[in-house]
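The values are calculated or read from the model by the stated rules, or taken from the named source; none is laboratory data. Everything numeric in this text was worked out from a predicted model, so none of it was measured. Please note: Cβ atoms are built from the backbone with ideal geometry, for glycine as well, and neighbour counts cover all protein chains shown.
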Amino acid sequence: MKILIRQGRVVDPATGRDEVTDIAIAAGRIVAIGAASADFHANRTLDAQGLVVAPGLVDLAVRLREPGHEHEGMLESEMAAAVAGGVTSLVCLPDTDPPLDEPGLVEMLKFRARNLNQAHVYPLGALTRGLAGEVLTEMAELTESGCVGFSQAEVPVKDTLVLHRALLYAATFGYTTWLRPQDPFLGNGVAAKGPLATRMGLTGVPVIAETIALNTIFELVRDTQARVHLCRLSSAAGIELVRRAKAEGLPVTCDVSVNHLHLTDVDIGYFNAAMRLVPPLRQQRDRDAIRAGLADGTIDALVSDHTPVDADMKTLPFAEAEPGATGLELLLALALQWGEEARRPLSETLASITTAPVGVLGEALGSLASSAGRLVAGGVADVCLFDPGERWAVEPGALRSQGKHTPFAGYQLPGRVKCTIVAGHIAHEAF
Amino acid sequence: MMLPRRNPQLNAHGELVHLLSIEGLPRAVIHQILDTAGTFLSVNDREVKKVPLLRGKSVFNLFFENSTRTRTTFEIAAKRLSADVINLDIARSSTAKGESLLDTIANLSAMHADMFVVRHGESGAPYLIAQHCAPHVHVVNAGDGRHAHPTQGLLDMYTIRHFKQDFTRLTVAIVGDIVHSRVARSDIHALTTLGVPEVRAVGPKTLVPGDLREMGVRVCHDMAEGIRGADVIIMLRLQNERMSGALLPSAGEFFKNYGLTPDKLALAKPDAIVMHPGPINRGVEIDSAVADGRQSVILPQVTFGIAVRMAVMSTIAGNTA
């Protein structure tokens, strides 16, 4: 399959390229940016006038719900959602049922994903067996089967000795450990501690639930030199700690979710369960710090934190509702919305969902490390074409994901994905 | 990209169709309910204690959390309005069989319910029910989690108005486990809406968080400071589980610091009234000498509670979504 993308605005955050030109694709790779050679005969020509041609998006936090939670999402529906959202590479969490704690499960997932031939799937293996926080998983075996790192998803390791040894062991082989910083005891709550939770009578998670966990992790990183990726920061104080840790030179990276980039606890309104998220939405100053941290690079990546949740699990009283929101199809639009509000150049906005997350994954990406999340001649042809001017209303029923619950239902957002190309084949188009 | 949100207990004309919380209720609406309650008080003194306002209507008492006292007062109130009352002890029936909250509601709606009186252990549960029931069905929150207990708040206001008349010169102290108390939250919203210039929340830092200041109250961790010069003292019930949660060492130590004794009551104004939503724990939050003393209005609160609940049910039944 040879594809010619004609006269699109090619934006590549990695190089800062931003110009109207052509891209030629053949055999899964980008063969030319700019004028293609005279003997390039495309099977398919895409007229990209008025569209942005960007690298395919890279999402570091996705739940595909397989195995075990098929009522909430299937690989088919969630992979279709990914490419509909312009996402060509995604990292999936190990909190499936059973958790991704043995190579056979990972191989099965990779095999199923490969057969669907949509986005590239990079699983995180469980850090401990059954995510129980007691026994280490076979990290080398899991890495061979395709895991790009190790995570406890939302289950903190309560035992600091186990966490210390897990990091030491991971550091031996250069594996990255992905941790969401949350104290297991202080973290028991359903909203951010503060005036709103107090007024509504919801149990609050204090900021110190995040900062205590971060301080513990940083001490362990100092001791072990393990590489740690911090997932879904939620507080201004937490981001400040990461800023200092990075200045100190600790090998840490971090991400935030699109939900926390746009929303605060006030959006819970009258107990709207769509706003039941983990970590909980915090206050205005925290959201401001998240925006500032993403802009200045303290926060490496913006993620969808895609979590399809069954309708039955959301039509419950707020505290009983299952946390999470669908996000794959909103990642680009919400990033662009932030870019507009913060008046950031398009290329910098896109960096948070392309080159920067690839930087977090680093060598774990293997052969794709040098070209995923960017547009380079000779590199993998993962491309997203979108109309930056088209505003669209978020209609939950129209989402491809099996998860229909989003805090952004009814919002008008910018940026409509028109075509997603994964490894040189058209995985989604909506011209 | 923000969307507007309407207060779900009001219809498009600003009339009350459900009672979910006192927060956001206009002062005039509160006074109107209290005035209506005043007219119902006399019904309770008649030989035939009934008015036909809800004749032919079915009121379902849905108590997902056990409560004999509140359920009984709602039942009496509904019966005095001539409604048919059906009591469902859900804590021991359908949800125990795995039925979801909304399925329970759908089933009961199919039995042509006109009003649900709901008590639930989770904050916000009555909102979910109000959003998912048929338009002609009214919902009364009879206590949800720590969030709200609006009829208790209204009966407390009725009691204060009865004994003190004017809200705008009062100092009201609420003492005890504020953080877990839906009564305290409803009282605070009602008192600040009605123009009480000083509302104090009194208790240890584990039970009285500083965030309460943003609800318009003065936070006091010292009992003497908290009740000095008060016109009204509202004592809250202390639940036993507070001790196991490391919030308090013992009931005895709580009583030593925050229990209302005659000595401490002497710090309040001489004509101060003492209130309590019940059931009281003698010797834990309140001394018997105070609970049974001349300043106690705990039993009048119960009497007023029936009239206030009649007022709430008849008011919302008269408005349509």
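Would you pick out the residues in the range B:108-157 that are crowded, with 24+ Cβ neighbours inside 10 Å, among the hydroxyl-bearing types (Ser, Thr, Tyr) and either away from chain A (no Cβ under 14 Å) or free of Cβ contacts under 8 Å to residues at least 24 places away in the same chain (or both)?
Listed by number, the list holds a single entry, B:THR151.
So which residues in the range A:331-357 are within 14 Å of chain B (Cβ to nearest Cβ) and in contact (Cβ under 8 Å) with a residue 60 or more places away in the chain?
Of everything in the range A:331-357, those that are within 14 Å of chain B (Cβ to nearest Cβ) and in contact (Cβ under 8 Å) with a residue 60 or more places away in the chain turn out to be A:ALA333, A:LEU334, A:ALA335, A:LEU336, A:GLN337, A:TRP338, A:GLU340.
Of the residues that sit in the range A:310-331 and are part of a loop (DSSP other than H, G, I, E, B) and over 20 Å from the mean Cα position of the chain (by Cα), which one is nearest to B:ARG146 (Cα to Cα)?
A:PRO317
Residues to consider are A:ARG222, A:ARG291, A:ARG243; find the one that is away from every other protein chain (no Cβ under 14 Å), part of a helix (DSSP H, G or I), in contact (Cβ under 8 Å) with a residue 40 or more places away in the chain and under 25 Å from A:THR176 (Cβ atoms).
The match here is A:ARG243.
Restricting attention to the range A:296-320, which residues are surrounded by fewer than 24 Cβ atoms within 10 Å (Cβ to Cβ), hydrophobic (A, V, I, L, M, F, W, C) and touching a helix residue (DSSP H, G or I) at 6+ places or on another chain (Cβ under 8 Å)?
If the condition is that a residue be surrounded by fewer than 24 Cβ atoms within 10 Å (Cβ to Cβ), hydrophobic (A, V, I, L, M, F, W, C) and touching a helix residue (DSSP H, G or I) at 6+ places or on another chain (Cβ under 8 Å), then A:LEU316 is the only one that fits.
Closer than 23 Å to B:HIS31 by Cα and more than 9 Å from chain A (Cβ to nearest Cβ): does that describe B:ALA184?
Yes, satisfied.
Criterion first (among the acidic types (Asp, Glu), at pLDDT 95 or above and farther than 29 Å from B:PHE254 by Cβ) does B:ASP166 satisfy it?
For B:ASP166, the condition - among the acidic types (Asp, Glu), at pLDDT 95 or above and farther than 29 Å from B:PHE254 by Cβ - is met.
Could you pull out every one of the strands (runs of 3 or more DSSP E) wholly within the range B:189-236 that has 2 or more residues that are in contact (Cβ under 8 Å) with a residue 24 or more places away in the chain?
Answer list for the range B:189-236: B:198-202, B:232-235.
Looking only at residues in the range A:138-159 that are in a loop (DSSP other than H, G, I, E, B) and touching a residue at least 60 places away in the same chain (Cβ under 8 Å), which one is surrounded by the most Cβ atoms within 10 Å (Cβ to Cβ)?
A:GLY149
Return the residue satisfying two criteria in turn: it lies in the range B:210-225 and is aliphatic (A, V, I, L, M) and away from chain A (no Cβ under 14 Å), and of such residues it is surrounded by the fewest Cβ atoms within 10 Å (Cβ to Cβ).
So the residue we want is B:ALA224.
Within 15 Å of A:THR88 (Cβ to Cβ), modelled with pLDDT of 95 or more and either in contact with a Lys or Arg (Cβ under 6 Å, 6 or more places away or on another chain) or among the polar types (S, T, N, Q) (or both), is that true of A:THR349?
no
Being in a helix (DSSP H, G or I), charged (D, E, K, R) and buried (at least 18 other Cβ atoms within 10 Å of the Cβ) is the filter here, so list the residues in the range B:237-264 that pass it.
Result: B:ARG242, B:LYS264.
Give the number of residues within the range A:265-288 that are within 13 Å of chain B (Cβ to nearest Cβ) and in a loop (DSSP other than H, G, I, E, B).
Residues that pass the stated criteria total 6.
If I go through the range B:200-209 residue by residue, how many of them are within 14 Å of chain A (Cβ to nearest Cβ) and in contact with a strand residue (DSSP E or B) (Cβ under 6 Å, 6 or more places away or on another chain)?
The total comes to 2.
Write out, first by first residue and then by second, each pair whose Cβ atoms fall under 6 Å of each other, whose residues are 6+ apart or on separate chains, and whose first residue, in the range A:306-330, is within 12 Å of chain B (Cβ to nearest Cβ) and closer than 24 Å to B:ASP103 by Cβ while the second is in a loop (DSSP other than H, G, I, E, B) and aromatic (Phe, Trp, Tyr).
Between residues of the range A:306-330 that are within 12 Å of chain B (Cβ to nearest Cβ) and closer than 24 Å to B:ASP103 by Cβ and residues that are in a loop (DSSP other than H, G, I, E, B) and aromatic (Phe, Trp, Tyr), the close pairs are A:PHE318/A:PHE271.
Just to be sure, is B:THR168 farther than 12 Å from B:ILE234 by Cα, surrounded by fewer than 24 Cβ atoms within 10 Å (Cβ to Cβ) and of a type in the set (S, T, N, Q)?
yes
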